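The values are calculated or read from the model by the stated rules, or taken from the named source; none is laboratory data. What you see is a predicted model; the values in this text were computed from it and never measured. All Cβ positions, even for glycine, are placed from backbone atoms using ideal geometry, and neighbour counts span all protein chains on display. Note: accessible area is taken over every heavy atom of the protein model, side chains too, but ligands, DNA and RNA are not part of it. Shrake-Rupley method; radii C 1.70, N 1.55, O 1.52, S 1.80 Å.
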Amino acid sequence: MKPTGTDPRILSLAAEVAKSPEQNVPVILLKLKEIINNTPLGSSELKKIKQDIYCYDLIQYCLLVLNQDCSRIQGGWTTISQLTQILSHCCVGLEPGEDAEEFYNELLPSAAENFLVLGRRLQTCFINAAKGEEKDELLHSFQIVTDSLFWLLGDHVQLIQNVLQSDHFLHLLQTDNVQIGSTVMTMLQNILQINRSKRTKILLKLNKQKEEEHRRLQLQLQRQRAMRLSRELRLSMLEIVHPGQVEKYNREIEEKSALIIQKHWRGYRERKNFRQQRPSLTEYKAAVILQRATLKFLEKCRKKKKLFAPWQGLQDLTDARRVELKQQVDDYLRRHPSSQMSDVTSRELHSQAQEQLQHFLMGRALEERAQQHREALMAQICTNIEQLMKAPSLKEAEGKEPELFLSRSRPVAAKAKQAHLTTLKHIQAPWWKKLGEETGDEIDVPKDEFSVELGTLFIGGTKPP
């Protein structure tokens, strides 16, 4: 049965093969290589193309060409070796569908046997060849055939037994030629590795099946044991309970059993719902965190805006409210008469109040900048401490890692240099000079010894120019 939606390239190629003479068929079949190579590997389109190639008997045509005499084929051994590549690539990953039995029991063994026969023919021609260029071409074709056979066996491991038991493969192993022998031995080693991995997979599969069977039997035994205990308990209770209370006892047992079943079922249902809702819960928590951070940022911006915004007076004040406020002010002034003050004194007092207010606002801004500076310094100190704690030792330091621990403070660098030179001088001094020294004594170091390269130790960046 021909598949629907066949690739037009396969249709035209099959029609061309059917109409062309026999000597032109191998060259036409080489067009399959371009079609396969232009299709993405592992895609569904490639699987469909392989099915079309198999359904239109193009794989069978390739097998028939392999049995022909290479002297009658255009391109000779090069064309034959490329057809083996096409055949192996078409058979790997192919899903034959309804013709699976014919594909696995007839076509694949025939393809493997034809590869071995073709390799034996190439071996004979290689040994009898006299020219060096001809030998190189035959050896290259032989390697392509062995690679195609190995590619076929990698997907259909059931063919390994047929290949290892074949007389043609034994004849290939018995060659005296070093190049042919090394190629065959490499292929044999790869085949044995595939067979070993196949056995490992089979053993793992059998062990998994045994574990599942053992788990199933254990579960069945647990259920049988639980049922037996339940029945024994029920019988013992029936012996104890009065005959008139048996029905009541059975009703209580049924209610308890129903409650237990409902409890387990509800727990299972809630766990299942929780697993299904977990992604949405994670998204909800992330949204809450983002909203909280955004609201805090907006609140901080509003506070800053209110803090630095000039006073614009009272807004939304009606005429009735103004009259009421004026009446309250007049009543207060009448009850609390103020002392007489000249205009000059009033202006001076007003200017003093404005100066004090301006001074307060400027001081508050400076205090805020100082607080930000202190916070930045504390953050830098914490970062420096953390990097110093994680810093490697001098023996483990590599490359430019010591350059990361440079100080921008000359007093700190000078003090570190002085302490370093003091320690070095004390260590390198002869023993007889240390006889009169005590542990706490300091050694004078010339100032010119630590007046150069003062960017050392501590973290904070590079020394400014």
Among the residues listed as Pro40, Pro8, Pro21, the single one being in contact with a Leu (Cβ under 8 Å, 6 or more places away or on another chain), exposed (fewer than 15 other Cβ atoms within 10 Å of the Cβ) and more than 30 Å from Leu170 (Cβ to Cβ): Pro40
Some residue of region 83-97 being more than 26 Å from Leu29 (Cα to Cα) and at pLDDT below 85: no
Test: residue in region 60-77 that is closer than 22 Å to Leu153 by Cα, within 43 Å of the chain's Cα centre (by Cα) and in contact (Cβ under 8 Å) with a residue 12 or more places away in the chain: yes
Conditions (1) touching a Phe, Trp or Tyr at 6+ places or on another chain (Cβ under 9 Å); (2) at pLDDT 90 or above: number failed by Leu259: (1)
Filter pass, Glu213 being open to solvent by less than 100 Å² (accessible area, probe 1.4 Å) and acidic (Asp, Glu): yes
Yes/no for Ile73 being β-branched (Val, Ile, Thr) and either farther than 27 Å from Phe169 by Cβ or open to solvent by 20 Å² or more (accessible area, probe 1.4 Å) (or both): no
Output for region 43-70, where each listed residue is under 13 Å from Leu94 (Cα atoms), among the polar types (S, T, N, Q) and surrounded by fewer than 17 Cβ atoms within 10 Å (Cβ to Cβ): Ser43, Ser44
Residue that is modelled with the highest pLDDT [pool: residues in region 134-147 that are over 13 Å from Thr78 (Cβ atoms) and of a type in the set (D, E, K, R)]: Asp147
Tally of residues being surrounded by 11 or more Cβ atoms within 10 Å (Cβ to Cβ) and either within 18 Å of Gln123 (Cβ to Cβ) or polar (S, T, N, Q) (or both) across region 194-210: 2
Selection status of Leu138, assigned by the TED database to the domain that holds Val92, in contact with a Cys (Cβ under 8 Å, 6 or more places away or on another chain), part of a helix (DSSP H, G or I) and within 19 Å of Gln82 (Cβ to Cβ): yes
Qualifying residue in region 294-307 (condition: open to solvent by less than 100 Å² (accessible area, probe 1.4 Å) and modelled with pLDDT under 85): yes
Qualifying residue in region 364-381 (condition: surrounded by 10 or more Cβ atoms within 10 Å (Cβ to Cβ), under 42 Å from the mean Cα position of the chain (by Cα), at pLDDT below 75 and in a helix (DSSP H, G or I)): no
Exclusive hit being closer than 30 Å to Arg121 by Cα, modelled with pLDDT of 85 or more and open to solvent by 80 Å² or more (accessible area, probe 1.4 Å), set Gln174, Gln189, Gln224: Gln189
Helices (runs of 4 or more DSSP H) fully within region 7-112 counting 2 or more residues that are in the same structural domain as Val163 (by the TED database), out of contact with any Cys (no Cβ under 7 Å at 6 or more places or on another chain) and over 19 Å from Phe150 (Cα atoms): 8-19, 25-29, 31-37, 44-55, 58-66
